[in-house]
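Beneath this line is the structure, given in structure tokens, with notes to follow.
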Amino acid sequence: MLPFKLVYSNDYYLPIGAHVFPAEKYRMIHQRLLETGIADPGDFVTPQPASDEDVLLVHTREYVQKLKMGTLSVEEEMQMEVPYSPGLVKAFWLAAGGSILAADLALRQGMALNIGGGFHHAFPDHGEGFCVVHDVAVAIKRMHQEGRLRRAMVVDLDVHNGNGTAAIFPPRTRVGHPLPSASASRRDVHGPNLEEHPVEGELEVFTISLHQAHNYPLHKPPSSIDVHLPDAEYLGWLDQSLSSAFRHFSPELICYLAGADPYKEDQLGGLALTIEGLKKRDELVMRVAQTHKVPVMVTYAGGYARRVEDTVTIHCNTVIAAKEVCEKTYR
Ligand SMILES: [Zn+2]
């Protein structure tokens with residue numbers, strides 16, 4: 001029995017036909033976790049689809065209407081890069097429901113993984129890059145609406161920049177380059193909104209994105225901390241980014257997007273991480289969260305390894321990393 005829940009549904013499968021996005025990965029991860037004994041059936045909980053009201057916390061009424069009525073333009077569908085169907089919309093509403101449940105469980109129990117989600121290229125008024133609904137943003141906004149969350153930190157380690165996240169939650173404070181910042185003095189923080197103090201009860205979201213510079217999306221709206229990674233000095237940069245982030249921001253929840261696409265064999269990525277390196281990455285994020293006693297909700301985001309089995313291994317390792325970190329803490 002795992003010390004946390006895994007949120008999963010067979011209906012996470014995206015009906016997109018032959019596509020570089022391995023829609024079958026969710027089912028394969030579920031199967032592998034059970035077959036290898038990493039998880040047992042009692043570790044899984046089934047999500048309900050998000051309500052339209054939940055999706056509207058992030059997305060415009062016009063966009064939601066287009067998705068529900070099937071009235072996207074050809075250009076809008078092309079920008080989404082996945083073929084539109086009512087089934088696709090259903091799957092994305094379910095992924096958002098899964099992330100809401102994962103956030104809810106993480107806030108109550110300290111850790112929860114959504115075996116899906118992480119659709120960080122979705123914008124309020126359109127979809128992009130295989131992402132239709134920004135499930136993580138929906139989950140954050142829903143927890144805030146319930147009065148359970150005011151400060152969230154998004155740690156996005158997908159190889160692609162989290163442009164949707166940055167557009168939905170533009171940074172209040174930008175932590176300046178170069179990292180590592182030598183001190184936590186206010187001099188190394190700059191940005192137009194530095195002196196702007198949050199209104200009581202207002203949602204604050206701090207976003208970290210470690211991604212490859214020369215890759216999709218072309219236009220990368222600024223996150224609070226952006227690291228355009230040149231190579232495999234990844235773990236060092238991640239460590240520095242996390243410590244810098246925690247000097248500037250005390251989150252009540254970490255939303256970790258554990259993308260499998262920084263992997264060296266990824267078809268849409270250009271970084272050089274090994275499977276072992278990616279597991280160390282997961283451990284690092286979770287160890288830092290445990291050290292600061294911050295709950296973590298995980299979503300999976302991208303993963304386009306030449307062999308889909310590698311993507312499955314990387315995603316399963318995130319569960320193992322979470323288990324190992326939890327057990328070390330409880331001992
Ligand atoms: Zn990606």
Rounded, prolate or oblate: which fits region 51-182 when a ≥ b ≥ c are the square roots of the eigenvalues of the alpha-carbon gyration tensor, with rounded for a/c under 1.5 and prolate only if a/b beats b/c?
-> oblate
So, with a 1.4 angstrom probe, what is the percent of accessible area on the chain that is carbon and sulfur?
-> 53
Region 102-150 accessible area per residue, 1.4 Å probe, protein heavy atoms, integer Å², reads 25
In the neighbourhood of PRO22 defined by beta carbon distances under 12 Å, the net charge of the other residues (Lys, Arg +1; Asp, Glu -1) is -1
13 Å beta-carbon shell around LEU2, net charge (K/R +1, D/E -1) = -2
Which distance in Å, rounded to a whole number, links the C-alpha centroids of region 149-171 and region 259-331?
-> 17
Sort the chain into rounded, prolate or oblate with this rule: let a ≥ b ≥ c be the square roots of the eigenvalues of the Cα gyration tensor; rounded if a/c is under 1.5, and if a/c is not under 1.5, prolate when a/b is larger than b/c, oblate otherwise.
-> rounded
For the pair LEU218 and HIS19, what calculated FRET efficiency results from E = 1/(1 + (r/R0)^6), where r is the Cβ-Cβ distance and R0 = 35 Å, to the nearest 0.05?
-> 0.95
Inter-probe distance in nm under a simple model that places probes 7 Å from Cα toward Cβ, at SER51 and ARG306 | 4.9
Gained length - VAL199 relative to THR274, 0.36 nm times residue gap less alpha-carbon distance | 22.7 nm
About the Cα centre of region 45-97, what is the dipole size in debye to 20, counting +1 per Lys and Arg Cβ and -1 per Asp and Glu Cβ, all else neutral?
-> 180
If you place +1 on the Cβ of every Lys and Arg and -1 on the Cβ of every Asp and Glu, how big does the dipole about the Cα centre of the chain come out, in debye to the nearest 20?
-> 720
How would you classify region 22-72 from its alpha-carbon gyration tensor, with a ≥ b ≥ c the square roots of the eigenvalues: rounded for a/c under 1.5, else prolate if a/b is greater than b/c, otherwise oblate?
-> prolate
Over the chain, the sum of -39500 (n - 2.57) across DSSP H runs of at least four, divided by residue number and rounded to 500 deg cm²/dmol, gives at 222 nm -12000 deg cm²/dmol
For GLY259, the net charge from surrounding residues (Cβ-Cβ under 13 Å; K, R +1; D, E -1) works out to -3
At least 20 Å along the helix axis (C-alpha) and Kyte average at least -1.0, DSSP helices within the chain = 86-109, 234-248, 275-291, 308-330
Find the all-direction average of the projected area of the Cα convex hull for region 115-173, expressing the result in square nanometres with one decimal place.
-> 4.6
Where both residues lie in the chain, what percent of DSSP beta bridges are antiparallel, nearest 5?
-> 15
Evaluate the relative contact order of region 1-48 (contact order divided by residue number), counting alpha-carbon pairs under 8 angstrom at least 6 apart; express in whole percent.
-> 56
Specify the inter-centroid distance of region 106-137 and region 61-81, based on alpha-carbon positions, in whole Å.
-> 18
Rank-order 56-68, 100-112, 139-151 by packing density, defined as the average count of other C-beta atoms within 10 Å over each peptide's residues, highest first.
-> 100-112, 139-151, 56-68
Evaluate the Kirkwood expression for the hydrodynamic radius of region 22-112, namely the inverse of the mean inverse distance over all pairs of different C-alpha atoms, and round to one decimal in Å.
-> 15.2
Which value, in debye to the nearest 20, describes the size of the charge dipole of region 1-142 about its Cα centre when Lys and Arg Cβ atoms bear +1, Asp and Glu Cβ atoms bear -1, and nothing else is charged?
-> 340
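The values are calculated or read from the model by the stated rules, or taken from the named source; none is laboratory data. Since the structure is predicted, the reported quantities are computational estimates derived from the model, not experimental observations. Heads up, the Cβs are rebuilt from the backbone with ideal geometry, glycines too, and the neighbour counts pull from every protein chain shown. Quick note on the areas: whole protein, heavy atoms, side chains included, nothing else; ligands and nucleic acids left out. Shrake-Rupley method; radii C 1.70, N 1.55, O 1.52, S 1.80 Å.
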